[in-house]
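K.L.:
Here's a structure for you.
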Amino acid sequence: MGNTISQEIIEKELAELKTALKEKSLLDVAVQVQQELALLENTTLNIAITGLSGTGKSSLVNALRGVRDDEEGAAKTGPVETTMEHVGYPHPAFSNVIVWDLPGTGTPEFKPDEYLERVNFSQYDFFIIVSGDRFTVHDADLAREIRKRKRKFYFVRTKIDFSLDCERRKQGFDEKATLEKIRNYCCENLRKTGESSSKVFLISNSNLGVHDFSLLQKAIEKDLDNLKRQVLIMALPMYLKEVLEKKKAAMESLIWKKALKSSAFGAVPVPGLSFDCDLAILEAAMKQICHVFGLDEGSLQKFAKVIGKPVDELKAVIKKSSQAGEITTEFTINILLVTEPWATLTVLKTALAVIPVLGSLAGAGLSFVTTFCMLKSFLKDVVEDTENVIAKVVELSKKCPK
Ligand SMILES: Nc1nc2c(ncn2[C@@H]2O[C@H](COP(=O)(O)OP(=O)(O)O)[C@@H](O)[C@H]2O)c(=O)[nH]1
Ligand SMILES: [Mg+2]
């Protein structure tokens with residue numbers, strides 16, 4: 001546990017609260033915050049995967065959900081598997097992200113307008129048109145029709161590993177030049193449909209860690225509104241340092257809101273503490289932090305499977321925080337008891353200087369500051385532990401690549 005938070009951080013993280021308090025009372029802000037948190041919980045991101053049969057749509061559905069093709073609940077893939085109806089596959093850990101496997105386009109009777117109606121196009125936040133090889137007239141028709149309906153799409157060329165392997169057999173093979181050639185080919189064809197070329201992404205479904213997947217992720221993030229971006233960031237896979245940073249920022253922006261909700265509504269006395277709070281909200285907030293960073297049992301089991309080692313090897317490096325499953329009411333009370341003295345002593349004064357109105361709330365102000373500090377410290381510890389888990393996964397994968 002850290003034992004202080006600088007004025008700079010308090011000013012930065014409470015800036016939104018400070019601004020809101022210029023126009024509203026603390027209670028009104030708390031009501032608004034409660035609504036915003038509920039909205040976030042109830043927001044769903046629907047991603048549609050479309051394109052010709054056999055291009056790797058179902059494989060991409062699985063890869064985006066972090067699920068292996070042969071796992072239970074995975075979209076069926078293979079040379080003869082064809083999806084006839086649009087099927088939604090919720091992310092296994094974040095069920096408000098749903099990846100939709102759409103039927104293959106390109107049958108002789110394919111008409112993009114009828115197709116989009118049939119798959120209920122308006123329910124998707126955006127489309128990914130998948131191509132596994134050549135750009136076809138069906139891809140072009142679909143791109144035009146999606147644009148006509150004012151929906152967003154990204155063009156993904158899959159099977160890059162396969163294309164590179166084929167080219168590698170030729171003399172004078174140059175990986176970079178091959179990738180550029182494929183990219184230019186896709187861009188040029190897409191441009192002919194009237195679309196900007198910046199929407200082309202080369203990926204390999206078997207390894208999203210290479211080529212353009214992170215660029216695709218960034219492009220999608222940029223286009224989404226704040227709420228949906230937050231939903232996406234929480235569900236992003238944890239294999240890149242920048243994802244860790246994004247998740248951290250996303251959770252930081254929620255902490256003061258959760259602390260305010262806990263101190264403003266349903267706060268009850270807790271033995272040993274000099275203020276009231278809502279333990280259920282705080283417990284759920286800590287569990288959510290663990291979950292978002294993959295420190296829940298399911299995610300740890302998955303990591304362990306990747307490296308083919310017992311999950312205990314990963315659990316052993318979780319030292320500062322706790323796993324989601326271990327967070328109980330008792331754990332929450334203990335962590336509050338540890339936080340209260342230093343939060344009251346060092347942070348309350350700074351917080352009052354930044355937001356004087358907190359002083360008029362007596363117990364509620366104290367409750368807000370302590371729970372804010374407690375969740376912040378917990379987040380910091382979880383981030384450190386996550387870094388340790390990732391480092392361990394990398395270390396063990398190198399020792400025994402699967
Ligand atoms: N080498 C390689 N094979 C892939 C890739 N994506 C899909 N495949 C394979 O291509 C075949 C068709 O994939 P599938 O996802 O079922 O295509 P769909 O019909 O568009 O859903 C399967 O055998 C997949 O394993 C990829 O990125 N690289
Ligand atoms: Mg399929």
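The values are calculated or read from the model by the stated rules, or taken from the named source; none is laboratory data. Predicted model only: the values in this text are computed from it and were never measured. In this analysis, Cβ positions are derived from the backbone assuming ideal geometry, glycine residues included, and neighbour counts consider all displayed protein chains.
K.L.:
I'm told residue 257 meets every condition in (1) surrounded by fewer than 17 Cβ atoms within 10 Å (Cβ to Cβ); (2) of a type outside the set (Gly, Ala, Ser); (3) assigned by TED's automatic domain parsing to the domain that holds residue 367 except one. Can you identify the failing condition by its number?
P.N.:
Going through (1) surrounded by fewer than 17 Cβ atoms within 10 Å (Cβ to Cβ); (2) of a type outside the set (Gly, Ala, Ser); (3) assigned by TED's automatic domain parsing to the domain that holds residue 367 one by one, residue 257 breaks only (1).
K.L.:
OK, next. Which one of the conditions (1) within 15 Å of ligand 1 (Cβ to nearest atom); (2) hydroxyl-bearing (Ser, Thr, Tyr); (3) out of contact with any Pro (no Cβ under 6 Å at 6 or more places or on another chain) does residue 43 fail to meet, given that it meets all the rest?
P.N.:
(1)
K.L.:
Right, something else. Limited to region 77-102, what total is found for residues that are without any contact (Cβ under 8 Å) to a residue 24 or more places away in the chain and within 16 Å of ligand 1 (Cβ to nearest atom)?
P.N.:
Total meeting the criteria: 7.
K.L.:
Looking at region 193-210, I want the residues that are without any contact (Cβ under 8 Å) to a residue 40 or more places away in the chain and have a partner that is part of a loop (DSSP other than H, G, I, E, B) and of a type outside the set (Gly, Ala, Ser) with Cβ atoms under 8 Å, at least 6 apart or on another chain. Which pairs are those?
P.N.:
From residues that are without any contact (Cβ under 8 Å) to a residue 40 or more places away in the chain, the pairs are 209/239; 209/240.
K.L.:
Now for a separate question. Output the residues belonging to region 127-140 that are surrounded by 18 or more Cβ atoms within 10 Å (Cβ to Cβ) and either over 16 Å from residue 197 (Cα atoms) or not charged (D, E, K, R) (or both).
P.N.:
Listed by number, the residues that qualify are 127, 128, 129, 130, 131, 132, 135, 138, 140.
K.L.:
Go over the candidates 260, 254, 273, 295 one by one and state the one that is among the aliphatic types (A, V, I, L, M), closer than 28 Å to residue 18 by Cα and not in a helix (DSSP H, G or I).
P.N.:
Going through 260, 254, 273, 295 in turn, just one is among the aliphatic types (A, V, I, L, M), closer than 28 Å to residue 18 by Cα and not in a helix (DSSP H, G or I): 273.
K.L.:
In region 67-110, what residues are surrounded by fewer than 19 Cβ atoms within 10 Å (Cβ to Cβ), within 20 Å of residue 45 (Cα to Cα) and of a type in the set (Gly, Ala, Ser)?
P.N.:
73, 74, 88, 93, 95
K.L.:
So which residues in region 104-144 are in contact (Cβ under 8 Å) with a residue 12 or more places away in the chain and among the acidic types (Asp, Glu), if there are any at all?
P.N.:
Those that are in contact (Cβ under 8 Å) with a residue 12 or more places away in the chain and among the acidic types (Asp, Glu): 113, 125, 133, 139, 141.
K.L.:
Among the helices (runs of 4 or more DSSP H) contained in region 160-248, which hold 1 or more residues that are touching a Lys or Arg at 6+ places or on another chain (Cβ under 7 Å) and acidic (Asp, Glu)?
P.N.:
The qualifying helices (runs of 4 or more DSSP H) are 213-223.
K.L.:
Take the residues in region 56-84 that are within 11 Å of ligand 2 (Cβ to nearest atom) and of a type in the set (D, E, K, R); name whichever of them is modelled with the highest pLDDT.
P.N.:
Checked region 56-84; the qualifying residue modelled with the highest pLDDT is 57.
K.L.:
Go through the residues of region 20-31 one by one and say whether even a single one is assigned to a loop (DSSP other than H, G, I, E, B), in the same structural domain as residue 346 (by TED's automatic domain parsing) and either near ligand 1 (Cβ under 10 Å from one of its atoms) or of a type in the set (S, T, N, Q) (or both).
P.N.:
Yes, region 20-31 contains at least one residue that is assigned to a loop (DSSP other than H, G, I, E, B), in the same structural domain as residue 346 (by TED's automatic domain parsing) and either near ligand 1 (Cβ under 10 Å from one of its atoms) or of a type in the set (S, T, N, Q) (or both).
K.L.:
Right, another one. Going residue by residue through region 34-46, is there one that turns out to be more than 10 Å from ligand 2 (Cβ to nearest atom), in a helix (DSSP H, G or I), free of Cβ contacts under 8 Å to residues at least 60 places away in the same chain and within 23 Å of residue 217 (Cα to Cα)?
P.N.:
Yes, there is a match, as at least one residue in region 34-46 is more than 10 Å from ligand 2 (Cβ to nearest atom), in a helix (DSSP H, G or I), free of Cβ contacts under 8 Å to residues at least 60 places away in the same chain and within 23 Å of residue 217 (Cα to Cα).
K.L.:
Another question about this same structure. Quick check on this structure: which one of 294, 308, 365 is surrounded by fewer than 17 Cβ atoms within 10 Å (Cβ to Cβ) and either on the phi < 0 side of the Ramachandran plot or in the same structural domain as residue 22 (by TED's automatic domain parsing) (or both)?
P.N.:
Result: 308 is the single residue among 294, 308, 365 that is surrounded by fewer than 17 Cβ atoms within 10 Å (Cβ to Cβ) and either on the phi < 0 side of the Ramachandran plot or in the same structural domain as residue 22 (by TED's automatic domain parsing) (or both).
K.L.:
Does residue 5 satisfy the condition of being touching an Asp or Glu at 6+ places or on another chain (Cβ under 9 Å) and either surrounded by 16 or more Cβ atoms within 10 Å (Cβ to Cβ) or modelled with pLDDT of 90 or more (or both)?
P.N.:
Here the answer is yes, as residue 5 does meet what is asked.
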